[in-house]
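To keep things clear, I will list the structure first and then write my remarks on it.
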There are 2 protein chains.
Amino acid sequence: MARILITSGPTRQYLDPVRYLTNASSGRMGAALTRAAIDAGHDVVVVSGPVNVEYPAAATVIPVVTTDEMLAAAVETFGSCDGAIGAAAPCDYMPRLVSSQKIAKTGEPLQLELIETADVVATLGQRKRDNQWVVGFALETEDRRFRATVKLESKHCDLMVSNGPQAIDSNQNDVELLDAGGRVIAEIHGDKDFVADELVRHISEQLTHRTAKPQ
Amino acid sequence: MARILITSGPTRQYLDPVRYLTNASSGRMGAALTRAAIDAGHDVVVVSGPVNVEYPAAATVIPVVTTDEMLAAAVETFGSCDGAIGAAAPCDYMPRLVSSQKIAKTGEPLQLELIETADVVATLGQRKRDNQWVVGFALETEDRRFRATVKLESKHCDLMVSNGPQAIDSNQNDVELLDAGGRVIAEIHGDKDFVADELVRHISEQLTHRTAKPQ
(Lines give C-alpha, C1' and ligand atoms only; values in the text may rest on other atoms or scores of the structure.)
Protein backbone atom coordinates (compact mmCIF):
# COMPACT_ATOMS: atom_id res chain seq x y z
CA MET A 1 0.00 0.00 0.00
CA ALA A 2 1.69 3.17 -1.19
CA ARG A 3 0.61 6.72 -1.96
CA ILE A 4 1.57 7.36 -5.57
CA LEU A 5 1.73 10.55 -7.62
CA ILE A 6 0.99 9.98 -11.31
CA THR A 7 1.54 12.77 -13.84
CA SER A 8 -0.55 12.38 -16.96
CA GLY A 9 -1.42 13.98 -20.29
CA PRO A 10 0.21 16.81 -22.21
CA THR A 11 0.77 20.39 -21.14
CA ARG A 12 0.35 23.53 -23.25
CA GLN A 13 2.72 26.46 -23.73
CA TYR A 14 0.98 29.48 -25.21
CA LEU A 15 2.54 31.84 -27.79
CA ASP A 16 -0.36 34.29 -27.46
CA PRO A 17 -3.95 34.05 -26.12
CA VAL A 18 -4.92 31.61 -28.90
CA ARG A 19 -1.97 29.57 -30.19
CA TYR A 20 0.06 27.05 -28.22
CA LEU A 21 2.67 24.34 -28.50
CA THR A 22 1.72 20.86 -27.26
CA ASN A 23 1.79 17.17 -28.17
CA ALA A 24 -0.83 14.49 -28.77
CA SER A 25 -0.54 12.76 -25.40
CA SER A 26 -4.06 11.59 -24.57
CA GLY A 27 -3.69 10.79 -20.86
CA ARG A 28 -4.76 7.20 -21.55
CA MET A 29 -1.54 5.66 -20.19
CA GLY A 30 -1.84 7.86 -17.08
CA ALA A 31 -5.49 6.86 -16.64
CA ALA A 32 -4.66 3.17 -17.12
CA LEU A 33 -1.83 3.38 -14.56
CA THR A 34 -4.15 5.16 -12.12
CA ARG A 35 -6.74 2.42 -12.48
CA ALA A 36 -4.08 -0.33 -12.16
CA ALA A 37 -2.49 1.27 -9.06
CA ILE A 38 -5.88 1.68 -7.37
CA ASP A 39 -6.77 -1.94 -8.23
CA ALA A 40 -3.46 -2.97 -6.60
CA GLY A 41 -4.52 -1.20 -3.39
CA HIS A 42 -2.54 2.05 -3.70
CA ASP A 43 -3.70 5.63 -3.16
CA VAL A 44 -3.26 7.80 -6.25
CA VAL A 45 -3.01 11.54 -6.83
CA VAL A 46 -3.05 12.45 -10.54
CA VAL A 47 -1.60 15.75 -11.79
CA SER A 48 -3.08 15.98 -15.27
CA GLY A 49 -2.80 18.33 -18.23
CA PRO A 50 -5.85 18.98 -20.46
CA VAL A 51 -7.22 15.59 -21.57
CA ASN A 52 -10.50 13.96 -22.49
CA VAL A 53 -10.01 10.75 -20.52
CA GLU A 54 -11.87 9.95 -17.31
CA TYR A 55 -9.74 9.14 -14.27
CA PRO A 56 -11.07 6.64 -11.71
CA ALA A 57 -13.29 8.32 -9.12
CA ALA A 58 -11.09 6.94 -6.34
CA ALA A 59 -8.15 9.08 -7.51
CA THR A 60 -7.55 12.70 -6.52
CA VAL A 61 -7.08 14.69 -9.74
CA ILE A 62 -5.29 18.05 -9.90
CA PRO A 63 -5.81 19.68 -13.33
CA VAL A 64 -3.06 21.88 -14.78
CA VAL A 65 -2.37 23.54 -18.15
CA THR A 66 1.31 24.52 -18.40
CA THR A 67 4.50 22.67 -17.54
CA ASP A 68 5.26 25.11 -14.71
CA GLU A 69 1.82 24.41 -13.24
CA MET A 70 2.43 20.66 -13.55
CA LEU A 71 5.82 21.05 -11.88
CA ALA A 72 4.43 23.07 -8.96
CA ALA A 73 1.53 20.66 -8.36
CA ALA A 74 3.77 17.60 -8.70
CA VAL A 75 6.45 18.92 -6.32
CA GLU A 76 3.86 19.85 -3.72
CA THR A 77 2.04 16.50 -4.02
CA PHE A 78 5.25 14.45 -4.03
CA GLY A 79 6.05 15.61 -0.51
CA SER A 80 3.27 13.40 0.87
CA CYS A 81 3.82 10.46 -1.52
CA ASP A 82 5.93 7.31 -1.44
CA GLY A 83 6.70 7.49 -5.12
CA ALA A 84 5.88 9.05 -8.47
CA ILE A 85 5.19 7.75 -11.98
CA GLY A 86 5.83 10.37 -14.66
CA ALA A 87 3.45 9.28 -17.40
CA ALA A 88 2.76 12.83 -18.57
CA ALA A 89 4.31 14.32 -21.70
CA PRO A 90 4.90 17.88 -20.49
CA CYS A 91 5.59 20.35 -23.27
CA ASP A 92 9.36 20.73 -22.93
CA TYR A 93 9.78 23.97 -24.86
CA MET A 94 8.07 27.30 -24.29
CA PRO A 95 8.29 30.63 -26.15
CA ARG A 96 10.78 32.98 -24.52
CA LEU A 97 8.29 35.79 -25.10
CA VAL A 98 4.51 35.34 -24.85
CA SER A 99 2.33 37.91 -26.60
CA SER A 100 -0.59 39.23 -24.59
CA GLN A 101 -2.49 39.90 -27.84
CA LYS A 102 -3.21 37.51 -30.69
CA ILE A 103 -0.22 37.76 -33.06
CA ALA A 104 -1.56 39.24 -36.32
CA LYS A 105 -0.42 37.70 -39.60
CA THR A 106 1.81 39.99 -41.67
CA GLY A 107 2.76 37.73 -44.57
CA GLU A 108 6.29 37.52 -43.16
CA PRO A 109 7.87 34.57 -41.32
CA LEU A 110 7.61 34.66 -37.54
CA GLN A 111 10.82 34.00 -35.63
CA LEU A 112 10.03 32.18 -32.43
CA GLU A 113 12.66 31.58 -29.76
CA LEU A 114 11.81 28.54 -27.67
CA ILE A 115 13.46 27.81 -24.34
CA GLU A 116 13.31 24.58 -22.37
CA THR A 117 10.73 24.24 -19.63
CA ALA A 118 11.62 22.75 -16.25
CA ASP A 119 11.84 18.93 -16.29
CA VAL A 120 9.11 17.59 -13.98
CA VAL A 121 10.47 14.06 -13.52
CA ALA A 122 14.08 15.23 -13.15
CA THR A 123 12.97 17.67 -10.46
CA LEU A 124 11.16 14.92 -8.56
CA GLY A 125 14.24 12.68 -9.01
CA GLN A 126 16.49 15.36 -7.53
CA ARG A 127 14.19 16.00 -4.61
CA LYS A 128 13.35 12.45 -3.59
CA ARG A 129 14.15 11.56 0.00
CA ASP A 130 15.31 8.15 1.24
CA ASN A 131 12.75 5.50 0.35
CA GLN A 132 10.94 7.71 -2.15
CA TRP A 133 11.08 6.44 -5.73
CA VAL A 134 10.49 7.88 -9.20
CA VAL A 135 9.52 6.02 -12.37
CA GLY A 136 10.08 7.96 -15.61
CA PHE A 137 8.83 7.53 -19.17
CA ALA A 138 11.09 8.13 -22.16
CA LEU A 139 9.47 8.59 -25.54
CA GLU A 140 12.06 8.51 -28.28
CA THR A 141 11.96 8.11 -32.05
CA GLU A 142 15.66 7.09 -32.40
CA ASP A 143 18.21 5.19 -30.25
CA ARG A 144 15.42 4.36 -27.82
CA ARG A 145 17.29 2.24 -25.32
CA PHE A 146 20.41 4.43 -25.24
CA ARG A 147 18.45 7.62 -24.71
CA ALA A 148 16.20 5.99 -22.11
CA THR A 149 19.31 4.92 -20.18
CA VAL A 150 20.73 8.45 -20.31
CA LYS A 151 17.42 9.87 -19.05
CA LEU A 152 17.21 7.22 -16.31
CA GLU A 153 20.53 8.41 -14.92
CA SER A 154 20.25 12.14 -15.52
CA LYS A 155 16.76 12.26 -14.01
CA HIS A 156 17.67 10.05 -11.00
CA CYS A 157 14.89 7.57 -11.75
CA ASP A 158 14.55 4.18 -10.11
CA LEU A 159 12.87 2.67 -13.15
CA MET A 160 12.43 3.98 -16.69
CA VAL A 161 9.70 3.00 -19.15
CA SER A 162 10.92 3.35 -22.73
CA ASN A 163 8.40 3.63 -25.54
CA GLY A 164 8.03 5.04 -29.04
CA PRO A 165 5.85 7.67 -30.71
CA GLN A 166 3.27 5.06 -31.73
CA ALA A 167 2.22 5.08 -28.05
CA ILE A 168 0.84 8.60 -28.40
CA ASP A 169 -2.93 8.87 -28.58
CA SER A 170 -3.21 5.09 -29.03
CA ASN A 171 -4.90 2.32 -27.06
CA GLN A 172 -1.82 0.12 -27.49
CA ASN A 173 1.65 0.39 -26.06
CA ASP A 174 4.91 -1.46 -26.51
CA VAL A 175 7.42 -0.71 -23.77
CA GLU A 176 10.71 -1.79 -22.22
CA LEU A 177 11.18 -1.39 -18.49
CA LEU A 178 14.72 -0.52 -17.39
CA ASP A 179 15.95 -0.83 -13.81
CA ALA A 180 18.23 1.71 -12.11
CA GLY A 181 21.25 -0.03 -13.59
CA GLY A 182 19.88 0.30 -17.14
CA ARG A 183 19.05 -3.41 -17.46
CA VAL A 184 15.88 -4.32 -19.36
CA ILE A 185 13.82 -6.19 -16.76
CA ALA A 186 10.60 -6.46 -18.79
CA GLU A 187 9.26 -6.06 -22.31
CA ILE A 188 5.52 -5.48 -22.31
CA HIS A 189 3.24 -5.31 -25.35
CA GLY A 190 -0.52 -4.94 -25.39
CA ASP A 191 -3.32 -2.55 -24.69
CA LYS A 192 -2.63 0.21 -22.20
CA ASP A 193 -4.65 -1.51 -19.44
CA PHE A 194 -2.52 -4.65 -19.72
CA VAL A 195 0.71 -2.63 -19.90
CA ALA A 196 -0.41 -0.60 -16.88
CA ASP A 197 -1.16 -3.73 -14.80
CA GLU A 198 2.25 -5.19 -15.66
CA LEU A 199 4.06 -1.93 -14.90
CA VAL A 200 2.31 -1.56 -11.55
CA ARG A 201 3.17 -5.18 -10.73
CA HIS A 202 6.88 -4.54 -11.47
CA ILE A 203 6.82 -1.22 -9.61
CA SER A 204 5.23 -2.94 -6.61
CA GLU A 205 7.84 -5.71 -6.62
CA GLN A 206 10.81 -3.43 -7.17
CA LEU A 207 9.87 -0.29 -5.29
CA THR A 208 6.79 -0.17 -3.13
CA HIS A 209 8.11 -2.75 -0.66
CA ARG A 210 10.63 -0.08 0.34
CA THR A 211 7.84 2.05 1.68
CA ALA A 212 5.32 -0.63 2.65
CA LYS A 213 3.41 0.30 5.76
CA PRO A 214 1.68 -2.15 8.05
CA GLN A 215 -2.09 -2.04 7.53
CA MET B 1 -32.43 23.76 -49.05
CA ALA B 2 -28.72 24.21 -49.67
CA ARG B 3 -25.64 22.01 -49.58
CA ILE B 4 -23.27 23.60 -47.08
CA LEU B 5 -19.60 23.00 -46.31
CA ILE B 6 -18.73 23.67 -42.66
CA THR B 7 -15.10 23.69 -41.54
CA SER B 8 -14.68 22.96 -37.84
CA GLY B 9 -12.11 22.51 -35.08
CA PRO B 10 -8.40 23.26 -34.94
CA THR B 11 -5.62 21.92 -37.13
CA ARG B 12 -2.14 20.85 -36.05
CA GLN B 13 1.25 21.78 -37.50
CA TYR B 14 4.00 19.43 -36.36
CA LEU B 15 7.58 20.51 -35.51
CA ASP B 16 8.73 16.90 -35.26
CA PRO B 17 6.95 13.54 -34.80
CA VAL B 18 5.78 14.54 -31.30
CA ARG B 19 5.39 18.30 -30.86
CA TYR B 20 2.93 20.54 -32.69
CA LEU B 21 1.46 23.99 -32.79
CA THR B 22 -2.33 24.30 -32.44
CA ASN B 23 -5.10 26.17 -30.62
CA ALA B 24 -7.87 25.22 -28.22
CA SER B 25 -10.73 25.24 -30.74
CA SER B 26 -13.06 22.46 -29.60
CA GLY B 27 -15.23 22.07 -32.71
CA ARG B 28 -18.34 22.85 -30.61
CA MET B 29 -19.35 25.87 -32.73
CA GLY B 30 -18.88 23.80 -35.90
CA ALA B 31 -20.93 20.95 -34.43
CA ALA B 32 -23.67 23.37 -33.31
CA LEU B 33 -23.80 24.96 -36.78
CA THR B 34 -23.96 21.52 -38.38
CA ARG B 35 -26.90 20.57 -36.17
CA ALA B 36 -28.64 23.90 -36.81
CA ALA B 37 -28.14 23.70 -40.59
CA ILE B 38 -29.47 20.13 -40.71
CA ASP B 39 -32.45 21.14 -38.56
CA ALA B 40 -33.11 23.94 -41.07
CA GLY B 41 -33.26 21.36 -43.87
CA HIS B 42 -29.80 21.78 -45.39
CA ASP B 43 -27.25 19.12 -46.38
CA VAL B 44 -23.95 19.48 -44.56
CA VAL B 45 -20.42 18.27 -45.23
CA VAL B 46 -18.05 18.93 -42.29
CA VAL B 47 -14.28 19.15 -42.80
CA SER B 48 -13.00 18.78 -39.25
CA GLY B 49 -9.64 18.90 -37.51
CA PRO B 50 -8.97 16.64 -34.49
CA VAL B 51 -11.79 17.21 -31.97
CA ASN B 52 -13.72 15.32 -29.31
CA VAL B 53 -17.19 16.54 -30.27
CA GLU B 54 -19.77 14.36 -31.99
CA TYR B 55 -21.17 15.65 -35.28
CA PRO B 56 -24.79 14.83 -36.19
CA ALA B 57 -25.07 11.46 -37.94
CA ALA B 58 -26.84 13.15 -40.87
CA ALA B 59 -23.67 15.10 -41.74
CA THR B 60 -20.82 13.79 -43.88
CA VAL B 61 -17.60 14.29 -41.90
CA ILE B 62 -14.14 14.46 -43.49
CA PRO B 63 -11.40 14.31 -40.81
CA VAL B 64 -8.13 16.18 -41.38
CA VAL B 65 -5.06 17.03 -39.26
CA THR B 66 -3.07 19.85 -40.91
CA THR B 67 -4.17 23.12 -42.47
CA ASP B 68 -3.06 21.94 -45.93
CA GLU B 69 -5.25 18.85 -45.52
CA MET B 70 -8.18 21.05 -44.43
CA LEU B 71 -7.61 23.32 -47.43
CA ALA B 72 -7.50 20.42 -49.90
CA ALA B 73 -10.65 18.77 -48.48
CA ALA B 74 -12.51 22.09 -48.28
CA VAL B 75 -11.65 23.16 -51.84
CA GLU B 76 -12.68 19.78 -53.23
CA THR B 77 -15.94 19.71 -51.24
CA PHE B 78 -16.80 23.34 -52.00
CA GLY B 79 -17.10 22.52 -55.70
CA SER B 80 -20.35 20.67 -55.04
CA CYS B 81 -21.71 23.07 -52.37
CA ASP B 82 -23.86 26.18 -52.46
CA GLY B 83 -21.91 27.85 -49.69
CA ALA B 84 -19.36 27.44 -46.92
CA ILE B 85 -19.18 28.41 -43.25
CA GLY B 86 -15.60 28.64 -41.97
CA ALA B 87 -16.04 27.84 -38.28
CA ALA B 88 -12.65 26.08 -38.01
CA ALA B 89 -9.62 27.69 -36.42
CA PRO B 90 -6.91 26.36 -38.75
CA CYS B 91 -3.41 26.70 -37.37
CA ASP B 92 -2.17 29.69 -39.38
CA TYR B 93 1.57 29.23 -38.84
CA MET B 94 3.70 26.18 -39.57
CA PRO B 95 7.42 25.51 -39.01
CA ARG B 96 9.44 26.20 -42.16
CA LEU B 97 11.41 23.02 -41.40
CA VAL B 98 9.87 19.91 -39.87
CA SER B 99 12.22 17.46 -38.17
CA SER B 100 11.67 13.79 -39.04
CA GLN B 101 13.12 12.82 -35.63
CA LYS B 102 12.08 14.03 -32.18
CA ILE B 103 14.14 17.17 -31.50
CA ALA B 104 16.43 16.35 -28.55
CA LYS B 105 16.84 18.93 -25.81
CA THR B 106 20.30 20.46 -25.66
CA GLY B 107 19.87 23.07 -22.92
CA GLU B 108 20.09 25.78 -25.59
CA PRO B 109 17.20 27.86 -26.97
CA LEU B 110 15.58 26.50 -30.13
CA GLN B 111 15.08 29.00 -32.96
CA LEU B 112 11.92 28.17 -34.83
CA GLU B 113 11.00 29.91 -38.06
CA LEU B 114 7.25 29.87 -38.61
CA ILE B 115 5.66 30.63 -41.97
CA GLU B 116 2.00 31.29 -42.66
CA THR B 117 -0.19 28.43 -43.80
CA ALA B 118 -2.67 28.85 -46.64
CA ASP B 119 -5.87 30.65 -45.60
CA VAL B 120 -8.76 28.21 -46.04
CA VAL B 121 -11.63 30.73 -45.99
CA ALA B 122 -9.77 33.23 -48.20
CA THR B 123 -9.12 30.47 -50.73
CA LEU B 124 -12.82 29.54 -50.79
CA GLY B 125 -13.68 33.25 -51.07
CA GLN B 126 -11.40 33.64 -54.09
CA ARG B 127 -12.75 30.54 -55.79
CA LYS B 128 -16.46 31.03 -55.28
CA ARG B 129 -18.56 31.05 -58.43
CA ASP B 130 -21.69 33.12 -59.01
CA ASN B 131 -24.29 32.29 -56.39
CA GLN B 132 -21.82 30.53 -54.10
CA TRP B 133 -21.33 32.22 -50.74
CA VAL B 134 -18.79 32.12 -47.94
CA VAL B 135 -19.30 32.99 -44.26
CA GLY B 136 -16.11 33.59 -42.29
CA PHE B 137 -15.30 33.72 -38.58
CA ALA B 138 -12.87 36.27 -37.15
CA LEU B 139 -11.48 35.66 -33.69
CA GLU B 140 -9.65 38.71 -32.43
CA THR B 141 -8.42 39.90 -29.06
CA GLU B 142 -8.12 43.59 -30.05
CA ASP B 143 -9.98 45.96 -32.42
CA ARG B 144 -12.47 43.20 -33.08
CA ARG B 145 -14.85 44.99 -35.41
CA PHE B 146 -12.15 46.72 -37.43
CA ARG B 147 -10.17 43.54 -37.96
CA ALA B 148 -13.31 41.56 -38.77
CA THR B 149 -14.19 44.12 -41.46
CA VAL B 150 -10.70 43.88 -42.96
CA LYS B 151 -10.95 40.07 -43.04
CA LEU B 152 -14.45 40.24 -44.54
CA GLU B 153 -13.10 42.18 -47.49
CA SER B 154 -9.70 40.53 -47.92
CA LYS B 155 -11.22 37.04 -47.77
CA HIS B 156 -14.15 37.89 -50.09
CA CYS B 157 -16.73 36.77 -47.53
CA ASP B 158 -20.46 37.44 -47.83
CA LEU B 159 -20.93 37.50 -44.06
CA MET B 160 -18.41 37.60 -41.22
CA VAL B 161 -18.96 36.37 -37.67
CA SER B 162 -16.80 38.31 -35.21
CA ASN B 163 -16.04 36.84 -31.82
CA GLY B 164 -13.43 36.94 -29.07
CA PRO B 165 -11.06 34.43 -27.45
CA GLN B 166 -13.58 33.61 -24.72
CA ALA B 167 -15.44 31.63 -27.43
CA ILE B 168 -12.63 29.06 -27.55
CA ASP B 169 -13.39 25.76 -25.86
CA SER B 170 -16.52 27.25 -24.26
CA ASN B 171 -20.21 26.39 -24.44
CA GLN B 172 -21.06 30.07 -24.76
CA ASN B 173 -20.48 32.53 -27.54
CA ASP B 174 -20.98 36.24 -28.04
CA VAL B 175 -20.82 37.32 -31.68
CA GLU B 176 -21.49 40.14 -34.08
CA LEU B 177 -22.62 39.30 -37.60
CA LEU B 178 -21.35 41.66 -40.31
CA ASP B 179 -22.81 41.81 -43.81
CA ALA B 180 -20.71 42.20 -46.96
CA GLY B 181 -20.74 45.98 -46.50
CA GLY B 182 -19.32 45.69 -42.97
CA ARG B 183 -22.62 46.61 -41.27
CA VAL B 184 -23.45 44.82 -38.03
CA ILE B 185 -26.74 43.08 -38.83
CA ALA B 186 -27.02 41.04 -35.63
CA GLU B 187 -25.54 40.72 -32.17
CA ILE B 188 -26.07 37.26 -30.73
CA HIS B 189 -25.26 36.11 -27.20
CA GLY B 190 -25.95 32.74 -25.65
CA ASP B 191 -24.97 29.11 -25.75
CA LYS B 192 -23.48 27.82 -28.97
CA ASP B 193 -26.71 26.02 -29.98
CA PHE B 194 -28.70 29.26 -29.74
CA VAL B 195 -25.99 31.24 -31.55
CA ALA B 196 -25.85 28.55 -34.26
CA ASP B 197 -29.62 28.61 -34.79
CA GLU B 198 -29.57 32.41 -35.10
CA LEU B 199 -26.59 32.37 -37.47
CA VAL B 200 -28.19 29.74 -39.70
CA ARG B 201 -31.42 31.78 -39.73
CA HIS B 202 -29.52 34.90 -40.87
CA ILE B 203 -27.47 32.93 -43.40
CA SER B 204 -30.67 31.41 -44.79
CA GLU B 205 -32.32 34.83 -45.09
CA GLN B 206 -29.31 36.57 -46.56
CA LEU B 207 -27.67 33.92 -48.68
CA THR B 208 -29.34 30.60 -49.24
CA HIS B 209 -32.27 32.11 -51.17
CA ARG B 210 -29.68 32.84 -53.87
CA THR B 211 -29.24 29.16 -54.41
CA ALA B 212 -32.66 27.90 -53.37
CA LYS B 213 -33.78 24.98 -55.47
CA PRO B 214 -37.39 23.94 -55.93
CA GLN B 215 -38.18 20.84 -53.87
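The values are calculated or read from the model by the stated rules, or taken from the named source; none is laboratory data. Given the structure is predicted, the values throughout are model-derived calculations rather than measurements. Positions of Cβ are generated from backbone atoms using ideal geometry, with glycine treated the same way; all protein chains shown enter the neighbour counts.
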Point to revise | Residue match in the range B:86-106 (condition: over 20 Å from B:GLU140 (Cα atoms) and surrounded by 22 or more Cβ atoms within 10 Å (Cβ to Cβ)) | key: no
Scanning the range B:64-88 for residues that are out of contact with any helix residue (DSSP H, G or I) (no Cβ under 9 Å at 6 or more places or on another chain) and outside any loop (DSSP other than H, G, I, E, B), the one farthest from A:GLY107 (Cα to Cα) turns out to be B:THR77
Considering the range A:152-172, residues that are more than 14 Å from chain B (Cβ to nearest Cβ) and over 15 Å from the mean Cα position of the chain (by Cα), and then whichever is nearest to A:SER26 (Cα to Cα), we arrive at A:ASN171
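How many residues, within the range B:127-149, are within 24 Å of A:ILE103 (Cα to Cα), out of contact with any strand residue (DSSP E or B) (no Cβ under 8 Å at 6 or more places or on another chain) and not hydrophobic (A, V, I, L, M, F, W, C)? Reasoning before the result, please.
In the first step, residues of the range B:127-149 are kept if they are within 24 Å of A:ILE103 (Cα to Cα); the result is B:135-149.
Filter again for out of contact with any strand residue (DSSP E or B) (no Cβ under 8 Å at 6 or more places or on another chain), leaving B:141-143, B:146.
Remaining after also requiring not hydrophobic (A, V, I, L, M, F, W, C): B:141-143.
The qualifying residues number 3.
Looking for whichever is under 20 Å from A:ALA24 (Cβ atoms) and either at pLDDT 95 or above or of a type in the set (Ser, Thr, Tyr) (or both) here; the options are B:LEU21, B:LEU5, B:LEU33. Which one fits? Quick ask: steps written out before the conclusion?
Numbers: B:LEU5 fails: under 20 Å from A:ALA24 (Cβ atoms); B:LEU33 fails: under 20 Å from A:ALA24 (Cβ atoms).
Going through B:LEU21, B:LEU5, B:LEU33 in turn, just one is under 20 Å from A:ALA24 (Cβ atoms) and either at pLDDT 95 or above or of a type in the set (Ser, Thr, Tyr) (or both): B:LEU21.
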Residues of the range B:89-129 being closer than 28 Å to B:LEU5 by Cα, out of contact with any helix residue (DSSP H, G or I) (no Cβ under 6 Å at 6 or more places or on another chain) and facing chain A (nearest Cβ under 8 Å), in sequence order, are B:ALA89, B:ASP92, B:TYR93, B:ILE115, B:GLU116
Residue count, the range A:74-112, condition within 29 Å of the chain's Cα centre (by Cα), aliphatic (A, V, I, L, M) and over 23 Å from A:ALA24 (Cα atoms), comes to 2
